[in-house]
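Below: one structure, written as structure tokens.
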Amino acid sequence: MGAQGVLRRDAERNRRQLVETAKVVFAERGLEAPLDEIARRAKVGNATLYRRFPSRGQLVAAVFEDALREVVAATERALAVEDPWAAFAEHLTFLCEVQAGSRAIADLLTATVSGVPELESLRGRAFRGLTALIDRARAAGVLRPDFQHEDVVPVLMANAGLVERTAESAPTAWRRQLGYTLAGLRAPADTPAEPAPDRAGILRAMHALAERNGLTS
């Protein structure tokens, strides 16, 4: 093997180490995890990390594109479920379970991601599928009629916060809380809801989370 072949092999090994390490570190510490920590644990120099991934968003895409594809696939499977309530409830449970498995995914599902087209496209497909599940459940009269598309974002944000705070001491607490949430969402609803969140406000919250995690361009 010539010198060029050795260099390509080394470059691919470094990239693989960075992606695998980033997956672990992001899962532990969220998308705002220091990139220097990822480079250190991958045993490569900072310059190598930034050469391979000039932005945090590009590294996040390399690590989590497959995970988001699975979310899209799960949404499509849910849409094929005949029972509208089961489809909605089981998919929301799936999303919360995915969040419980990775702090990074918990953030990624509720943050905007600018400048990373592949992630934005996948998140858009997943959200459109989720809104279709909401619409179908409302039309069937099994989901409370005042539940709006934007309402699902605070539900996932709340689950992300609970997961983060109970991961070590009570790792299944989110399941009990989600059970209460689903009971409150099923029609007929006994308790009137407060006014729906403003769509622009929810988008600002998602953008603020992206800024905190260094995912804005």
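For the reader, a short list of remarks on this structure follows.
- Sequence ranges 27-36, 59-68, ranked by mean other-Cβ count within 10 angstrom, highest first: 59-68, 27-36
- Residue-wise HN-Hα coupling along region 126-137, computed from phi with Karplus coefficients 6.51, -1.76, 1.60 (Hz; x: Gly, Pro): 5, 6, 5, x, 5, 5, 5, 5, 4, 4, 5, 5
- Burial order of peptide ranges 90-101, 146-157 (average beta-carbon count within 10 Å, highest first): 90-101, 146-157
- log₁₀ of I(q)/I(0) at q = 0.10, 0.17, 0.21, 0.25 Å⁻¹ - region 48-137, Debye sum with one point per alpha carbon: -0.28, -0.71, -0.99, -1.26
- The solvent-accessible area of residue 180, taken with every protein chain present and a 1.4 Å probe, is close to 130 Å².
- Per residue, the Cα convex hull of region 170-212 amounts to 112 Å³.
- Region 84-217, Cα convex hull volume normalised per residue, Å³: 107
- Heavy-atom accessible area with a 1.4 Å probe sorts 114, 169, largest first, into 169, 114.
- Carbon/sulfur fraction of accessible area - region 49-202, other protein chains in place, 1.4 Å, %: 53
- Positive-pole candidate from 203, 18, 127, dipole of the chain, charges at beta carbon: 18
- Calculated [222 nm] ellipticity per residue, helices only, for the chain: -23500 deg cm²/dmol; basis is -39500 (n - 2.57) per DSSP H run with n ≥ 4, divided by all residues, nearest 500.
- Compared with the direct C-alpha span, the chain from residue 86 to residue 118 gains 8.5 nm at full extension, assuming 0.36 nm per residue.
- For region 20-109, averaging the sequence separation of C-alpha pairs within contact (under 8 Å, six or more residues apart) and dividing by the residue count gives a relative contact order of 43 percent.
- Its Cα centre serving as origin, region 103-199 has a Cβ charge dipole (Lys and Arg +1, Asp and Glu -1) of approximately 340 debye.
- Positive-pole candidate from 139, 191, 178, dipole of the chain, charges at beta carbon: 178
- In region 1-112, the ratio of gyration radius to Kirkwood radius, Rg to Rh, stands at 1.12 when only Cα atoms are counted.
- Contact order for the chain, expressed relative to its length and based on alpha carbon pairs under 8 Å spaced 6+ residues apart, stands at 25 percent.
The values are calculated or read from the model by the stated rules, or taken from the named source; none is laboratory data. What you are looking at is a predicted structure, and each value in this text was computed from that prediction instead of being measured. All Cβ positions, even for glycine, are placed from backbone atoms using ideal geometry, and neighbour counts span all protein chains on display. Please note that ligands, DNA and RNA were not included when accessible areas were found on the heavy atoms of the full protein model with its side chains. Shrake-Rupley method; radii C 1.70, N 1.55, O 1.52, S 1.80 Å.
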